[in-house]
Amino acid sequence: MTVTAPRLPESLTAAIHAAEAVTFDIFDTALVRAVENPVDLFLLLAHEAHCPDPHAWAQARIAAERLARQRAWEQRQAAEVSLPEIYACLAECPEAITLDLAALMAQERKLELRVCQRQPLVGQAYELARRLGKRVGFISDMYLDAPLIAAMLDKCGYRDYEFLHVSSAVGKTKAHGDLYPFVHARHGLDPA
């Protein structure tokens with residue numbers, strides 16, 4: 001039995017044809033994780049790392065990210081953090097005292113790469129934009145670093161794009177609205 005990929009909606013196809021440039025969000029858009037919920041990634045990491053209480057560790061990881069974001073905002077009005085900043089806060093959690101956090105952070109990066117998959121419909125939109133010679137880029141609000149995200153995109157067949165901007169690297173976010181003007185200015189794109 002042959003499985004047929006869904007077709008791009010005509011409105012999306014028309015928009016890509018009309019656009020000067022096409023940008024794609026990354027997580028839960030161009031890439032999806034092979035887990036049901038994002039927290040499942042932390043549970044899987046805890047199981048693979050043989051953490052004594054995987055659920056407590058996953059909750060500690062979530063709390064550490066929340067704390068890192070709070071501190072980043074209070075100390076430098078930054079809306080995004082990096083994975084090392086999250087792990088620095090994780091070091092303060094009782095669930096992490098006996099764990100090798102450097103090894104866990106490296107393992108989390110490897111796990112992110114391992115579980116990422118290409119979203120088929122977005123993949124088709126990407127391929128259409130590339131075939132039409134459009135300027136193509138990726139932008140994302142994410143604590144992972146740009147080299148890791150580039151490897152994830154490459155693994156999933158997203159290659160030969162013009163740019164990749166990640167909030168953890170540029171210090172601007174889509175959520176706060178300052179990443180879009182940064183991308184427009186950096187690449188000479190008309191916001192319209």
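Just a few scattered comments:
- Net +/- balance of residues flanking GLU20 in space, Cβ distance below 12 Å, scoring K and R +1, D and E -1: 0
- Share of carbon and sulfur in the accessible heavy-atom surface of region 43-123 [1.4 Å probe, %]: 58
- Mean separation of Cα contacts under 8 Å (6+ apart) over length of the chain, as relative contact order %: 27
- Cut-off 10 Å between beta-carbons: net charge of the residues surrounding CYS116, Lys and Arg +1, Asp and Glu -1: +3
- Charge dipole (the chain, unit charges on Cβ, about Cα centre) - positive-most of ALA34, ALA63, LEU45: ALA34
- Residue range of the chain that is longest and free of trypsin sites (Lys or Arg not before Pro) which are both DSSP loop and sparsely packed (at most 13 other C-beta within 10 Å): 8-158
- Long-range HN-HN contacts of HIS165 with modeled amide H, under 5 Å: PHE138, ILE139, SER140
- Per residue value of the accessible surface for region 59-167 (all protein chains in place, 1.4 Å probe), Å²: 47
- Once the GluC sites (Glu not before Pro) in DSSP loops with at most 15 neighbouring Cβ atoms within 10 Å are cut out of the chain, the longest remaining piece is 93-161.
- Basic side chains Lys and Arg get +1 at the Cβ, acidic Asp and Glu get -1 at the Cβ, and with that the dipole of the chain about its Cα centre reaches some 540 debye.
- Pairwise label distance in nanometres, GLU74 with PHE163, each label 7 Å out on the Cα-Cβ vector: 3.4
- Convex hull volume per residue, computed on the Cα atoms of the chain, equals 132 Å³.
- Estimated inter-spin distance, ASP178 and ARG130, nm [label 7 Å along Cα→Cβ]: 3.3
- Put the Cα centre of region 72-118 next to the Cα centre of region 146-161 and the gap is 21 Å.
- Between helix 54-76 and the chain there is an angle of about 70 degrees, using the helix long axis and the longest principal axis of the Cα atoms.
- Region 110-124 - phi-based ³J(HN,Hα) in whole Hz, Karplus 6.51/-1.76/1.60, Gly and Pro as x: 5, 5, 4, 5, 5, 8, 6, 9, 6, 7, x, 5, 5, x, 5
The values are calculated or read from the model by the stated rules, or taken from the named source; none is laboratory data. All values derive from a computational prediction rather than experimental measurement. A quick note on method: Cβ atoms are made from the backbone with ideal geometry, for glycine too, and the neighbour counts reach across all protein chains shown. Heavy atoms of the whole protein, side chains included, go into the accessibility calculation; ligands, DNA and RNA do not. Shrake-Rupley method; radii C 1.70, N 1.55, O 1.52, S 1.80 Å.
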